[in-house]
1. Mind checking which residues of segment 264-276 are in contact with a strand residue (DSSP E or B) (Cβ under 9 Å, 6 or more places away or on another chain) and either buried (at least 23 other Cβ atoms within 10 Å of the Cβ) or in a helix (DSSP H, G or I) (or both)?
2. Could you identify the single residue in Ile140, Ile133, Ile168, Ile180 that is surrounded by fewer than 19 Cβ atoms within 10 Å (Cβ to Cβ) and either more than 26 Å from Pro252 (Cα to Cα) or of a type in the set (Val, Ile, Thr) (or both)?
3. What residue, among those in segment 320-336 that are touching a Gly at 6+ places or on another chain (Cβ under 8 Å) and assigned to a loop (DSSP other than H, G, I, E, B), is surrounded by the fewest Cβ atoms within 10 Å (Cβ to Cβ)?
4. Give me the residue from segment 145-165 that is on the phi > 0 side of the Ramachandran plot and in contact with a strand residue (DSSP E or B) (Cβ under 8 Å, 6 or more places away or on another chain) and, out of that set, surrounded by the fewest Cβ atoms within 10 Å (Cβ to Cβ).
5. Scan segment 293-319 for residues that are more than 24 Å from Glu109 (Cβ to Cβ), among the aliphatic types (A, V, I, L, M), assigned to a strand (DSSP E or B) and at pLDDT 95 or above and jot them down.
6. Within segment 6-21, does at least one residue satisfy the condition of being over 21 Å from Leu299 (Cβ atoms), within 31 Å of the chain's Cα centre (by Cα) and at pLDDT below 95?
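The values are calculated or read from the model by the stated rules, or taken from the named source; none is laboratory data. Everything quoted here is computed from the prediction, not taken from an experiment. For neighbour counting, all protein chains shown are included, and Cβ atoms are generated from backbone atoms with ideal geometry for every residue, glycine included.
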Amino acid sequence: MSERAERALERPRSRRRGCALTALSVAAWMIVGGVWALEHRPGEDWWPTALLTYGPQVQWIAPAALMLLVTAIARRPLLSAGNCAAALFALFCLAGWQITLPRESRPGEAVVRIATWNVYGYTRDRETVQGRILSWDCDIVCLQESARPRFADLLPGWESMRSGDLRIYVRRRITRREVIRTGPYRPRSMALVEAETDAGPVTVMNVHFPRATRSRSMPRQVEPLARYVRTGVTVRDSKFAQLIEHLPAEVPLIVAGDMNTPPTSRYWRRLDAHLSDAFDAAGRGFGHTFVWRRKLALLRIDYLWTGGGARALRCWTEEAQPSDHRPVLAEIALPP
């Protein structure tokens, strides 16, 4: 067969490959854009999209990233550029990857270090929990699932407050304690303290929001699963409304806790209208805090938020053990 005939046969094959790559790329773009759109509307208003919103987001990078690799190998620059844009959109807007510039304290500001940690109340490894907290050299520590007596004198010499499964430890002095009732769903309270630190006075709130009305595994059958997700939405509506209602005004404020809500949710957006997410402002990476089966970190549901002039300079997570949640730490500058 002549070279001219071979070229004639190759053209239709090349066009077919080009059409297939274009169709697959468009499908990848539609997946990424569709997931983002559905998480915003209807979002939590419909249980399947609520389930989508509360699920892991990292996997949505894969379709565009795979097509980027394929189109790059096939030397399709326009498709590669589109797939690169879709992969980056999924990485930052869905999966929540953070790249933040270093932040420095301003003249007159002093820095307080705080940690929040769901310590998994069934753990018996008190010494590991205690040793890890002391190694962080914090001024304030907020714990969830810490109702058991083994956590009562966890930090000798520190002042503390307990409300239900919540504890707040302050290395210097607590000047005011308040329990804020948030019924009807358990846990039914939030803890608030006004604390004196080496950096100055700060108000700290500690919260733990449940994922549903009952602590149980997610059902696998459709109807029980739908009820489970709907009740979880109802619980979050109630808890976040109570939190926003009780936010102190015009004081340096830190809100800490396990909120069982990812940054893709409308509840994150509601709270973001009042406070600043410390990891969003000063963290790097995904910041995932919930560890599935003690091995794989998939979701960011534990937070430190700042308000009243307080601002995060640095925020990061540590290893989870012996809990199934990673602790979140931050260095926060308080206003002069």
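1. Within segment 264-276, Trp268, Leu271, Asp272 qualify.
2. Matching residue, one of Ile140, Ile133, Ile168, Ile180: Ile180.
3. Residue satisfying both the conditions and the ranking: Pro336.
4. Checked segment 145-165; the qualifying residue surrounded by the fewest Cβ atoms within 10 Å (Cβ to Cβ) is Gly164.
5. Selection gives Leu299 alone.
6. No, segment 6-21 contains no residue that is over 21 Å from Leu299 (Cβ atoms), within 31 Å of the chain's Cα centre (by Cα) and at pLDDT below 95.
Yes/no matrix, rows are residues, columns are (1) hydroxyl-bearing (Ser, Thr, Tyr); (2) within 14 Å of the chain's Cα centre (by Cα); (3) closer than 13 Å to Ala256 by Cα; (4) not assigned by TED's automatic domain parsing to the domain that holds Ile114:
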{"position": "Phe286", "(1), (2), (3), (4)": "no, yes, no, no"}
{"position": "Trp292", "(1), (2), (3), (4)": "no, no, no, no"}
{"position": "Lys295", "(1), (2), (3), (4)": "no, no, no, no"}
{"position": "Asp302", "(1), (2), (3), (4)": "no, yes, yes, no"}
{"position": "Gly309", "(1), (2), (3), (4)": "no, no, no, no"}
{"position": "Trp316", "(1), (2), (3), (4)": "no, yes, no, no"}
{"position": "Glu319", "(1), (2), (3), (4)": "no, no, no, no"}
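Matching residues to (1) crowded, with 22+ Cβ neighbours inside 10 Å; (2) assigned by TED's automatic domain parsing to the domain that holds Trp136; (3) over 18 Å from Asp237 (Cβ atoms); (4) at pLDDT 95 or above:
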site: Ile174; (1), (2), (3), (4): no, yes, yes, yes
site: Pro184; (1), (2), (3), (4): no, yes, no, no
site: Glu196; (1), (2), (3), (4): no, yes, yes, yes
site: Asn206; (1), (2), (3), (4): yes, yes, yes, yes
site: Phe209; (1), (2), (3), (4): yes, yes, no, yes
